[in-house]
Amino acid sequence: MELLRVIDGEGRPLREAPCTDEDARALLERMIFLRAFDERAVALQRQGRIGTYAPYRGMEACQAGAASALSPEDWLLPTYRDHGAAMIHGLPVEEALAYWAGRVESYRAPAEVNVFPPAVPIATQIPHAAGIGWGLRRAGSAAAVLCFFGDGATSEGDFHEGINFAGVFRAPVVFFCQNNGYAISVPFSRQTAAASIAVRAAGYGIAGERVDGNDALAVLDAVRRALQRAREGGGPTLIEALTYRVGPHTTSDDPSRYRDPEEAQRLALGDPLERLRRYLAGRGAWDEADEARAQEAARARVAAAVRAVEAMAPPDPADIFAHVYGAEPLFFQEQRRRFLAELESAARPGAGGPAARGPAPGGAAGGPAVRTEGGGR
Amino acid sequence: MTRPKRSDKKGETRLDRTTALDLYTRMVRIRQFEEKAARLYEQGLLPGFLHSSVGQEAVAVGVCGALRKDDYITSTHRGHGHIIAKGAGLDRMFAELYGRETGFNRGLGGSMHIMDFELGVLGANGIVGAGIPIAAGAGLSIQLRGTDQVAVAFFGDGAINTGAFHEGINLAAIWDLPCVFVCENNLYAESTPQEYVLRIPALTERARGYGIPGELVDGNDLVAVYDAARRAVERARAGKGPTLLECRTYRWYGHYIGDPAVYRPQEEVEYWKARDPIPRFEAWMKEHVGFDDADREAVWQAVAAEVEAAVKFAEESPLTPVEAALDCVYS
Ligand SMILES: Cc1ncc(C[n+]2csc(CCOP(=O)(O)OP(=O)(O)O)c2C)c(N)n1
Ligand SMILES: Cc1ncc(C[n+]2csc(CCOP(=O)(O)OP(=O)(O)O)c2C)c(N)n1
Ligand SMILES: [Mg+2]
Ligand SMILES: [Mg+2]
């Protein structure tokens with residue numbers, strides 16, 4: 001299947017751009033912001049200021065390019081790695097950051113922002129997208145749905161059931177697969193024996209397309225056309241965007257254990273920011289002053305979000321019990337009661353609470369019980 | 001709709017007379033078993049549900065005819081035909097349907113859960129699509145043990161949109177497992193016509209999405225099924241990976257015995273009855289290996305006697321005691 005590219009690895013145009021220079025500049029500014037957020041988040045995790053983090057470095061053209069094709073009334077269904085796209089579609093930056101800080105009160109989209117919570121179980125958002133799209137169509141809405149997922153998700157039954165359903169019921173959904181080469185440590189070559197993900201579209205009787213996922217203009221073009229088709233009743237599209245996960249799966253992962261560090265160079269997809277930058281510079285539409293301004297704006301926006309998240313009141317340990325059940329069963333209420341009682345007894349100075357039996361230093365002396373490892377069970 | 005492949009006049013396969021008669025007999029055994037079971041069920045003599053495969057015999061026999069005894073199959077809720085085609089005795093089949101001690105599974109499984117490892121039957125299955133990953137698992141075990149067996153999954157058109165289909169076939173494709181995936185497309189899943197849940201003209205469109213070959217076959221043409229199955233089985237045995245076969249066929253009865261099947265037009269049923277796989281194969285045999293009314297009579301009478309004896313065997317076998325009901329739930 002043909003691979004759609006608008007600019008080559010050096011940012012030289014290969015075909016007519018799908019947007020004006022002004023739009024392309026805005027796209028680059030978004031990508032610069034996304035990169036700044038991602039770099040800062042990794043740094044915060046290393047400093048112990050947020051929890052485990054899943055970086056999207058190298059995938060900014062997919063994140064910003066696809067989300068920039070959306071209209072405000074369209075719905076976005078992200079995975080854990082797509083908070084970049086979510087922020088482009090309007091999720092407040094501090095909401096995204098608070099999520100990675102492990103806060104219950106996070107990833108809250110304002111009423112006018114149609115962003116779903118991130119799917120952490122692989123591929124569950126695909127049947128959700130089919131259902132939302134079908135619902136929109138039945139309600140006569142002009143809105144469409146953009147559903148993100150990874151190459152690993154394509155081997156899940158949910159992928160198959162969701163896409164078939166959307167195809168049969170002509171749901172206005174764009175299924176956007178970021179093929180970043182890996183599902184944690186499993187390379188794409190072990191994910192399917194087929195030549196590509198996009199060829200599967202034929203098996204569902206829907207449109208399929210393959211794009212260079214590090215070419216923001218190609219991604220924008222493909223997703224825009226697919227959304228248009230969806231709105232016109234032409235049914236769903238399966239888009240496979242070829243990209244690369246430059247960083248680890250998450251900050252808890254060490255990719256050098258399963259992949260060759262030279263591999264990224266061999267793939268020659270190029271850095272998505274650099275490619276768009278060169279394209280615009282070649283047209284005289286981007287210079288060092290633009291770059292400096294965009295970098296500064298991005299840093300300031302991220303810094304404001306960091307301040308906002310760090311100014312939040314400390315989390316309540318009981319939060320882990322929130323939103324688990326609508327009607328809480330008795331055993332669950334009992335679990336919470338015991339958990340809180342243990343925390344309390346561990347916090348009492350000199351009390352022989354569970355923390356005193358734990359291996360962590362300071363437990364018996366009434367250290368910060370919540371952080372004490374081995375304290376509770 | 002894409003047109004399925006039929007065996008051409010030349011006949012790709014040189015079926016000798018003995019093999020042809022064997023395959024023919026297997027179809028007749030299935031037909032008579034199913035008809036007898038339906039009558040017994042209508043009289044209230046068999047517990048549970050009964051899904052008849054009358055009309056679909058050529059798929060079961062064409063595929064199992066291409067297998068060895070030590071090859072594996074997984075089957076469905078409509079599985080009597082597959083299991084008989086794989087060599088099951090009608091006596092233990094009936095005993096299982098009757099809930100007797102002498103049944104294949106002590107009468108604990110019933111119609112939808114017959115299994116027999118000695119015959120390579122890894123189980124009929126009441127869960128739509130569930131046999132597909134089981135066959136992939138059997139394929140993996142074959143590969144790990146280094147034997148040249150093959151694992152076949154039979155499933156209906158209702159299974160092809162389940163996640164199990166996707167996951168099972170994708171794994172078999174990635175690992176080049178010695179599997180054959182056989183879809184018996186009888187155009188309905190319960191009352192749901194296929195075009196209601198599928199946007200493609202043929203299932204073979206999906207094979208490319210897994211990087212494996214796919215073939216569309218006239219499932220009422222025994223020779224066409226047998227040929228296609230032989231190609232797929234040879235490929236699997238040679239370590240070249242799985243194949244997806246779609247066999248178009250039709251169930252004469254409703255979804256279950258007693259289903260009034262108001263969701264389908266009578267003309268459609270007549271159309272398919274006129275394409276009964278058994279007389280079609282008789283005509284083929286007449287032309288290619290010799291077959292006459294006397295041959296026909298001999299087979300039908302012998303099978304009728306077998307059915308009668310099998311029912312007697314089942315009826316005279318002891319009922320499985322209620323206390324045994326939980327015996328085989330956990331190992
Ligand atoms: C159903 C399910 N199985 C397994 C996991 C564990 N898991 C978390 S991320 C991941 C890999 C997903 O890979 P991919 O879909 O390619 O997305 P990527 O991480 O590359 O963005 C797995 C297997 C999970 N979260 N959910
Ligand atoms: C997972 C699951 N869902 C639903 C059912 C209920 N059910 C029993 S048979 C059937 C239809 C199966 O149709 P098909 O696969 O075409 O087989 P056929 O009955 O036509 O042989 C359904 C939906 C089930 N047994 N298992
Ligand atoms: Mg991936
Ligand atoms: Mg069916």
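The values are calculated or read from the model by the stated rules, or taken from the named source; none is laboratory data. Since the structure is predicted, the reported quantities are computational estimates derived from the model, not experimental observations. Heads up, the Cβs are rebuilt from the backbone with ideal geometry, glycines too, and the neighbour counts pull from every protein chain shown. SASA here: full protein model, heavy atoms, side chains in, ligands and nucleic acids out. Shrake-Rupley method; radii C 1.70, N 1.55, O 1.52, S 1.80 Å.
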If we ask which residues in segment A:156-186 are within 16 Å of ligand 2 (Cβ to nearest atom) and among the charged types (D, E, K, R), their number turns out to be 2
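Of all the residues that make up segment A:189-222, how many are within 17 Å of B:Arg208 (Cβ to Cβ) and of a type outside the set (D, E, K, R)? Lay out the reasoning, then the answer.
First, the residues of segment A:189-222 that are within 17 Å of B:Arg208 (Cβ to Cβ): A:191-210.
Still in the list and also of a type outside the set (D, E, K, R): A:191-199, A:201-208.
Total satisfying the criteria: 17.
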Here is a check on your reading of the model: is A:Leu217 under 23 Å from A:Ile184 (Cα atoms) and surrounded by 18 or more Cβ atoms within 10 Å (Cβ to Cβ)?
no
In the list A:Ser189, A:Ser185, which residue meets the criterion of being open to solvent by 40 Å² or more (accessible area, probe 1.4 Å), more than 8 Å from chain B (Cβ to nearest Cβ) and within 11 Å of ligand 3 (Cβ to nearest atom)?
A:Ser185
Restricting attention to segment B:180-208, and to residues there that are within 11 Å of chain A (Cβ to nearest Cβ) and of a type in the set (Asp, Glu), which single residue is least open to solvent (accessible area, probe 1.4 Å)?
B:Glu205
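Using the structure shown, decide if B:Leu50 is in contact with a Leu (Cβ under 9 Å, 6 or more places away or on another chain) and either over 19 Å from B:Glu297 (Cα atoms) or aromatic (Phe, Trp, Tyr) (or both).
Working: in contact with a Leu (Cβ under 9 Å, 6 or more places away or on another chain): yes; either over 19 Å from B:Glu297 (Cα atoms) or aromatic (Phe, Trp, Tyr) (or both): yes.
It is true that B:Leu50 is in contact with a Leu (Cβ under 9 Å, 6 or more places away or on another chain) and either over 19 Å from B:Glu297 (Cα atoms) or aromatic (Phe, Trp, Tyr) (or both).
Confirm whether B:Arg206 is outside any strand (DSSP E or B) and touching a residue at least 60 places away in the same chain (Cβ under 8 Å). Steps first, answer last, please.
On the way: outside any strand (DSSP E or B): yes; touching a residue at least 60 places away in the same chain (Cβ under 8 Å): no.
It is false that B:Arg206 is outside any strand (DSSP E or B) and touching a residue at least 60 places away in the same chain (Cβ under 8 Å).
I'd like to know if segment B:164-178 contains one or more residues that are within 16 Å of ligand 4 (Cβ to nearest atom), out of contact with any Cys (no Cβ under 7 Å at 6 or more places or on another chain) and not aromatic (Phe, Trp, Tyr). Walk me through it before giving the result.
Keep residues of segment B:164-178 that are within 16 Å of ligand 4 (Cβ to nearest atom), which gives B:164-165.
Next cut, out of contact with any Cys (no Cβ under 7 Å at 6 or more places or on another chain) only: B:164-165.
Those still in the list that are not aromatic (Phe, Trp, Tyr) too: B:164.
So far as segment B:164-178 goes, yes, one or more of its residues are within 16 Å of ligand 4 (Cβ to nearest atom), out of contact with any Cys (no Cβ under 7 Å at 6 or more places or on another chain) and not aromatic (Phe, Trp, Tyr).
Confirm whether B:Gly219 is within 14 Å of another protein chain (Cβ to nearest Cβ) and either under 20 Å from the mean Cα position of the chain (by Cα) or farther than 21 Å from B:Ala130 by Cβ (or both).
Details: within 14 Å of another protein chain (Cβ to nearest Cβ): no; either under 20 Å from the mean Cα position of the chain (by Cα) or farther than 21 Å from B:Ala130 by Cβ (or both): yes.
Judged against the criteria, B:Gly219 is not a match.
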Check on A:Glu16, more than 13 Å from the chain's Cα centre (by Cα), closer than 30 Å to A:Ala311 by Cα and open to solvent by 10 Å² or more (accessible area, probe 1.4 Å)
no
What are the residues in segment A:317-326 that are surrounded by fewer than 13 Cβ atoms within 10 Å (Cβ to Cβ) and closer than 21 Å to A:Glu342 by Cα, if any?
A:Ala318, A:Asp319, A:Ala322, A:Val324
Within segment B:273-287, the residues that are open to solvent by less than 60 Å² (accessible area, probe 1.4 Å), touching a residue at least 24 places away in the same chain (Cβ under 8 Å) and assigned to a helix (DSSP H, G or I) are B:Pro277, B:Ile278, B:Phe281, B:Glu282, B:Trp284, B:Met285
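Could you check, for segment A:252-265, whether at least one of its residues is under 20 Å from the mean Cα position of the chain (by Cα), surrounded by 14 or more Cβ atoms within 10 Å (Cβ to Cβ) and either of a type in the set (D, E, K, R) or away from every other protein chain (no Cβ under 14 Å) (or both)? Full working, then the answer.
Taking segment A:252-265 and keeping what is under 20 Å from the mean Cα position of the chain (by Cα), we get A:252-255.
Those left that are additionally surrounded by 14 or more Cβ atoms within 10 Å (Cβ to Cβ): A:253, A:255.
Going one step further and asking which of them are either of a type in the set (D, E, K, R) or away from every other protein chain (no Cβ under 14 Å) (or both), we end up with A:253, A:255.
Yes, because at least one residue in segment A:252-265 is under 20 Å from the mean Cα position of the chain (by Cα), surrounded by 14 or more Cβ atoms within 10 Å (Cβ to Cβ) and either of a type in the set (D, E, K, R) or away from every other protein chain (no Cβ under 14 Å) (or both).
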Qualifying positions in segment A:327-344 - without any contact (Cβ under 8 Å) to a residue 24 or more places away in the chain and either open to solvent by less than 70 Å² (accessible area, probe 1.4 Å) or outside any helix (DSSP H, G or I) (or both):
A:Ala327, A:Glu328, A:Pro329, A:Phe332, A:Arg336, A:Leu340, A:Ala341
Within segment A:160-182, count every residue that is more than 7 Å from chain B (Cβ to nearest Cβ) and on the phi < 0 side of the Ramachandran plot.
16
Scanning for something in contact with a helix residue (DSSP H, G or I) (Cβ under 9 Å, 6 or more places away or on another chain) and under 12 Å from A:Trp75 (Cβ atoms), does segment A:98-109 turn up at least one residue?
yes
If you check A:Val93, A:Val115, which single one turns out to be in contact (Cβ under 8 Å) with a residue 60 or more places away in the chain and open to solvent by less than 30 Å² (accessible area, probe 1.4 Å)?
A:Val93
In the set A:Ala142, A:Ala119, which member is within 13 Å of ligand 1 (Cβ to nearest atom), more than 14 Å from chain B (Cβ to nearest Cβ) and aliphatic (A, V, I, L, M)?
A:Ala119
Restricting attention to segment A:129-158, which residues are crowded, with 22+ Cβ neighbours inside 10 Å, within 16 Å of ligand 3 (Cβ to nearest atom) and either among the basic types (Lys, Arg) or part of a loop (DSSP other than H, G, I, E, B) (or both)?
A:Asp151
Any hit, segment B:317-324, residues being surrounded by 11 or more Cβ atoms within 10 Å (Cβ to Cβ) and farther than 30 Å from B:Ala95 by Cβ:
no
Quick one: what pairs do we get from segment B:88-100, first residue in a helix (DSSP H, G or I), second of a type in the set (Val, Ile, Thr) and buried (at least 23 other Cβ atoms within 10 Å of the Cβ), C-beta under 9 Å, 6+ apart or different chains?
B:Leu90/B:Ile84; B:Arg92/B:Ile114; B:Met93/B:Ile83; B:Met93/B:Ile84; B:Met93/B:Ile114; B:Glu96/B:Ile114; B:Leu97/B:Ile114
Output for segment B:261-284, where each listed residue is under 16 Å from B:Gly219 (Cα atoms) and β-branched (Val, Ile, Thr):
B:Val269, B:Ile278
Criterion (on the phi > 0 side of the Ramachandran plot and open to solvent by less than 30 Å² (accessible area, probe 1.4 Å)) met by exactly one of A:Gly65, A:Gly102, A:Gly84, A:Gly11:
A:Gly11
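So which of A:Gly282, A:Gly270 ends up being more than 16 Å from ligand 2 (Cβ to nearest atom), over 23 Å from the mean Cα position of the chain (by Cα) and touching a residue at least 40 places away in the same chain (Cβ under 8 Å)? So that I can check it myself, show each step before the final result.
Working: A:Gly270 fails: over 23 Å from the mean Cα position of the chain (by Cα).
One residue alone meets the criteria, A:Gly282.
Against the definition (within 12 Å of chain A (Cβ to nearest Cβ), open to solvent by less than 30 Å² (accessible area, probe 1.4 Å), modelled with pLDDT under 95 and in a loop (DSSP other than H, G, I, E, B)), how does B:Leu177 come out, yes or no? Spell out the reasoning first.
Numbers: within 12 Å of chain A (Cβ to nearest Cβ): yes; open to solvent by less than 30 Å² (accessible area, probe 1.4 Å): yes; modelled with pLDDT under 95: no; in a loop (DSSP other than H, G, I, E, B): yes.
No: the conditions fail for B:Leu177.
Can you confirm whether A:Gly48 is away from ligand 2 (no atom under 16 Å from the Cβ), open to solvent by 50 Å² or more (accessible area, probe 1.4 Å) and of a type in the set (Gly, Ala, Ser)? Quick ask: steps written out before the conclusion?
Numbers: away from ligand 2 (no atom under 16 Å from the Cβ): yes; open to solvent by 50 Å² or more (accessible area, probe 1.4 Å): yes; of a type in the set (Gly, Ala, Ser): yes.
Yes, satisfied.
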Checked against (1) touching a strand residue (DSSP E or B) at 6+ places or on another chain (Cβ under 7 Å); (2) within 14 Å of chain B (Cβ to nearest Cβ), A:Ala195 satisfies every condition except (1)
Among B:Gly211, B:Gly241, B:Gly163, B:Gly146, the single one that is open to solvent by 30 Å² or more (accessible area, probe 1.4 Å), farther than 27 Å from B:Met27 by Cβ and within 14 Å of another protein chain (Cβ to nearest Cβ) is B:Gly211
